[in-house]
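Reviewing the structure listed below.
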Amino acid sequence: MKTEQKNIGTEKALQKIRQFCGYQERTHQEVKDKLYGYGLYRKDVELLLTQMIEENYLNEERYAIAFAGGKFRIKKWGRVKITYELKQKRISEYCIREALSTIEEEDYRKTIRGLFHQKKQSLSREKNVFVKKQKIRSFLLQRGFEPSLITELMQQWPDSGT
């Protein structure tokens, strides 16, 4: 049961939203939702959102770059999954392209190779090479890596002695 929150006023909301955005990067949608949660009207929400952008508390491109970098470095996600998640957060195509361009190609390939070998190692007891390859392919696809890169890796894998 969700209760309607009483309007806390624009000054108090501005103070709270500055704290909210100062803690970590936020999307425009997250801030809008938070402001509406404070019981503010549309006009006030739009006004405060504009102010937050002008004061550089809110920057969608900066958010996308931080998100993509973090998910790639920490969770080892591929570009496909990062793109999908950013689209879910209503980030513009331009910001998504900018964010993905900050991921170094060499690091990206090193990461997919590392995950490939890690998964291959974990399947060392699997005798059927086709089953092993399918499990590795599924694992890398789930992580959000491009099918063409996965195929490239698979072609470099000798069928004998795996």
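The values are calculated or read from the model by the stated rules, or taken from the named source; none is laboratory data. Note that the coordinates shown come from a computational prediction; the quantities given were computed from them, not determined experimentally. Virtual Cβ from ideal backbone geometry, glycine too; neighbours counted across all protein chains shown. For the accessible areas, the whole protein counts, side chains as well, though only heavy atoms, and no ligand, DNA or RNA atoms are used. Shrake-Rupley method; radii C 1.70, N 1.55, O 1.52, S 1.80 Å.
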**Item:** Failed item, numbered, when residue 121 is tested on (1) modelled with pLDDT under 95; (2) surrounded by 12 or more Cβ atoms within 10 Å (Cβ to Cβ); (3) of a type outside the set (Asp, Glu)
**Value:** (2)
**Item:** In region 63-98, residue farthest from residue 22 (Cα to Cα) [restricted to those that are out of contact with any helix residue (DSSP H, G or I) (no Cβ under 6 Å at 6 or more places or on another chain) and among the charged types (D, E, K, R)]
**Value:** 81
**Item:** Selection within region 74-98 - open to solvent by 40 Å² or more (accessible area, probe 1.4 Å) and under 20 Å from residue 26 (Cβ atoms)
**Value:** 74, 75, 84, 85, 87, 88, 89, 90, 92, 93, 94, 98
**Prompt:** If you check 13, 68, which single one turns out to be without any contact (Cβ under 8 Å) to a residue 60 or more places away in the chain, under 30 Å from residue 139 (Cα atoms) and hydrophobic (A, V, I, L, M, F, W, C)?
**Reply:** 68
**Prompt:** In region 17-47, how many are under 25 Å from the mean Cα position of the chain (by Cα) and part of a helix (DSSP H, G or I)?
**Reply:** 17
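Tell me yes or no: at least one residue of region 92-109 is farther than 30 Å from residue 60 by Cα and in a helix (DSSP H, G or I).
No, because not a single residue in region 92-109 is farther than 30 Å from residue 60 by Cα and in a helix (DSSP H, G or I).
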**Request:** Might you check whether a residue that is crowded, with 18+ Cβ neighbours inside 10 Å and either assigned to a loop (DSSP other than H, G, I, E, B) or more than 16 Å from the chain's Cα centre (by Cα) (or both) occurs anywhere in region 62-70?
**Result:** no
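Sort through 40, 48 and tell me the only one that's at pLDDT below 90, in contact with a helix residue (DSSP H, G or I) (Cβ under 9 Å, 6 or more places away or on another chain) and surrounded by 15 or more Cβ atoms within 10 Å (Cβ to Cβ).
That would be 40, the only listed residue that is at pLDDT below 90, in contact with a helix residue (DSSP H, G or I) (Cβ under 9 Å, 6 or more places away or on another chain) and surrounded by 15 or more Cβ atoms within 10 Å (Cβ to Cβ).
Results for (1) touching a Lys or Arg at 6+ places or on another chain (Cβ under 8 Å); (2) open to solvent by 80 Å² or more (accessible area, probe 1.4 Å); (3) among the β-branched types (Val, Ile, Thr), shown as yes or no for each residue.
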site	(1), (2), (3)
100	yes, no, no
130	no, yes, no
138	no, no, no
145	yes, no, no
153	yes, no, no
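In this structure, does residue 10 turn out to be of a type in the set (S, T, N, Q) and surrounded by 13 or more Cβ atoms within 10 Å (Cβ to Cβ)? Step through it out loud before you land on a result.
Working: of a type in the set (S, T, N, Q): yes; surrounded by 13 or more Cβ atoms within 10 Å (Cβ to Cβ): yes.
For residue 10, the condition - of a type in the set (S, T, N, Q) and surrounded by 13 or more Cβ atoms within 10 Å (Cβ to Cβ) - is met.
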**Message:** Which of the numbered conditions does residue 79 fail, given that it passes all the others? Conditions: (1) farther than 30 Å from residue 156 by Cα; (2) in contact with an Asp or Glu (Cβ under 8 Å, 6 or more places away or on another chain).
**Reply:** (1)
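For region 86-93, indicate whether the set of residues that are of a type outside the set (D, E, K, R), within 9 Å of the chain's Cα centre (by Cα) and closer than 20 Å to residue 116 by Cα is non-empty.
No - not one qualifying residue is present in region 86-93.
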**Request:** Please tell me if residue 13 is assigned to a helix (DSSP H, G or I), closer than 30 Å to residue 114 by Cβ and of a type outside the set (Asp, Glu).
**Result:** no
